[in-house]
Amino acid sequence: MPRVINAVLPRRAEPATIVVEDGRITAIEETSAGGGPTEAHEGLEVIDAAGRVVLPGLINAHAHIDKTLYGGPWVSAPRVETVAERVAHERRHRDSHGLPAHEYISSLVETMIAAGTTHLRTHTDVDPGVGLRGIAAVAEVARHYEGVIDIQQVAFPQGGLITNPGTLDLLREAVDAGASVIGGLDPAGFDDAPNAHLEAVFDLAASTGTAIDIHLHDGGSLGAWEMGLIARMTEEYGLAGRVAISHAFGIAHPPTQERLLERFAEAGVALVNAAVYDSPVPPLRACAEQGVLLAGGTDGINDLWGPFGDGDMLRRAMLIAYRNSGRSDEELLLALDTVTSNAARVLGVEDHGLHVGGPADLVMVEARTVAQAVAQVPPRRLVMRAGTVVARDGALVAG
């Protein structure tokens, strides 16, 4: 049973001692002078943070680990411009690269764990070509790392839903196989059937008790219209708090941004952003002010869509702040929220955060302030899951 002393915690002025028993936080107290044990905590293992930042477990709210080539040989990405072209390229080449590959998925998941990720939502391709192979591969990896990282799967119709016959039936089978979220993709821009696409997604989620997370790359007035439709359907189906829109490029459409944020807050629709490339990003400050949940994710990592990424959620928080011109400490803390408390709510993780009674999921960072941890993305010195140290200095602990 450890206690962590001299820890700098988010939104807490003084260094703290965190007492852990049976995998949970039983006390958070001001560290005594010299960091010595109080009588009540005599005999507990001591981990001295020495003034370093300690964060709650980090959460990746949007990944595609079934697609990854992480840990394998270098694969050059093509020069293509549209989502449809990238989807087609991936379909042509995924089998030749052995995707989905258990080895690559495991390599990436281990890297995520070592960087402090304790929960992950991943969008797994489901289509007549790949079937449920991705769902099965990710589920196998999830079982292997159970208790160290929690992996939630989205049944994702990457190749289209209405335009790809047989996919809807496969989504139902994916839920039976363990997927807990139904995905969607550009109902208008890719599937060219916005109403039919969304009705299929919402009907399936309502009938299976699953959540919804829809990729929406469509921008401008088209994307804004689709987001309004999603908000309306969320209310009609009674799914407040269970619907997320990933990417949401259309939120950057100035004439409708303020009203859309109001609608999301009213309807209980969350946004998930990965701050990818030069694509529009949801407004960090406005989301917080309007009460719209904004979570962060990595999107794809080293796959046939692109070569970038390492699974580090502090780096993603930094990018979210950077793309929002978030320079102040307050804004950097808002960015941290996207990969901690906000992401927990989007994923339905009720047991999260640094509080008495909460899980002892701790990430010790080589930084002296929380804002510095986000801005500079320093090394992780220690990662603890449920009171057990699972990684030190960027490497998993054996056993």
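Quick one: in segment 165-198, of everything that is in contact with a helix residue (DSSP H, G or I) (Cβ under 8 Å, 6 or more places away or on another chain) and of a type in the set (Asp, Glu), which residue is farthest from residue 211 (Cα to Cα)?
If we take residues in segment 165-198 being in contact with a helix residue (DSSP H, G or I) (Cβ under 8 Å, 6 or more places away or on another chain) and of a type in the set (Asp, Glu), then 191 is farthest from residue 211 (Cα to Cα).
Quick one: would you say residue 137 is in contact with a Pro (Cβ under 9 Å, 6 or more places away or on another chain), at negative phi, surrounded by 19 or more Cβ atoms within 10 Å (Cβ to Cβ) and in the same structural domain as residue 195 (by TED's automatic domain parsing)? Can you show your working first?
Numbers: in contact with a Pro (Cβ under 9 Å, 6 or more places away or on another chain): yes; at negative phi: yes; surrounded by 19 or more Cβ atoms within 10 Å (Cβ to Cβ): yes; in the same structural domain as residue 195 (by TED's automatic domain parsing): yes.
The answer is yes for residue 137.
For segment 81-90, give me each residue that is β-branched (Val, Ile, Thr) and within 22 Å of residue 104 (Cβ to Cβ). If you could, list the steps in order and put the result at the bottom.
At the first step, the residues of segment 81-90 found to be β-branched (Val, Ile, Thr) are 82-83, 87.
Once the filter is applied, which keeps residues that are β-branched (Val, Ile, Thr) and within 22 Å of residue 104 (Cβ to Cβ), segment 81-90 yields only 87.
Looking at (1) more than 15 Å from the chain's Cα centre (by Cα); (2) free of Cβ contacts under 8 Å to residues at least 40 places away in the same chain, find the lone condition where residue 89 falls short.
(2)
Among the residues in segment 220-236, are any surrounded by fewer than 22 Cβ atoms within 10 Å (Cβ to Cβ), among the hydroxyl-bearing types (Ser, Thr, Tyr) and in contact with a Gly (Cβ under 9 Å, 6 or more places away or on another chain)?
yes
Is at least one residue of segment 97-104 within 20 Å of the chain's Cα centre (by Cα), part of a helix (DSSP H, G or I) and at pLDDT 95 or above?
Yes, because at least one residue in segment 97-104 is within 20 Å of the chain's Cα centre (by Cα), part of a helix (DSSP H, G or I) and at pLDDT 95 or above.
Among what's in segment 129-169 and is free of Cβ contacts under 8 Å to residues at least 24 places away in the same chain and either under 24 Å from the mean Cα position of the chain (by Cα) or part of a loop (DSSP other than H, G, I, E, B) (or both), pick the residue that is nearest to residue 91 (Cα to Cα).
Residues of segment 129-169 that are free of Cβ contacts under 8 Å to residues at least 24 places away in the same chain, as a first pass: 142-143, 146, 169.
Those still in the list that are either under 24 Å from the mean Cα position of the chain (by Cα) or part of a loop (DSSP other than H, G, I, E, B) (or both) too: 142-143, 146.
Details: 142: 25, 143: 27, 146: 30 Å.
Applying the filter and picking the extreme gives 142.
Give segment 267-307 a look and list any residue that's in contact with a Ser or Thr (Cβ under 8 Å, 6 or more places away or on another chain) and in a helix (DSSP H, G or I), or say none.
Correct list: 267, 284.
Restricting attention to segment 315-335, does a residue exist that is touching a Lys or Arg at 6+ places or on another chain (Cβ under 9 Å) and of a type in the set (Val, Ile, Thr)?
No, segment 315-335 has no match at all.
Considering only residues that are under 20 Å from the mean Cα position of the chain (by Cα), part of a loop (DSSP other than H, G, I, E, B), of a type in the set (A, V, I, L, M, F, W, C) and over 25 Å from residue 13 (Cβ atoms), which ones fall in segment 343-399?
349, 386
Please verify whether residue 172 is free of Cβ contacts under 8 Å to residues at least 12 places away in the same chain, over 20 Å from residue 216 (Cβ atoms), assigned by TED's automatic domain parsing to the domain that holds residue 71 and basic (Lys, Arg), treating the condition exactly as stated.
Details: free of Cβ contacts under 8 Å to residues at least 12 places away in the same chain: no; over 20 Å from residue 216 (Cβ atoms): yes; assigned by TED's automatic domain parsing to the domain that holds residue 71: yes; basic (Lys, Arg): yes.
No.
The values are calculated or read from the model by the stated rules, or taken from the named source; none is laboratory data. If you're wondering where the values come from, they're calculated on a predicted model, not measured in any experiment. Note that we place each Cβ from the backbone using ideal geometry, even for glycine, and neighbour counts take in every protein chain shown.
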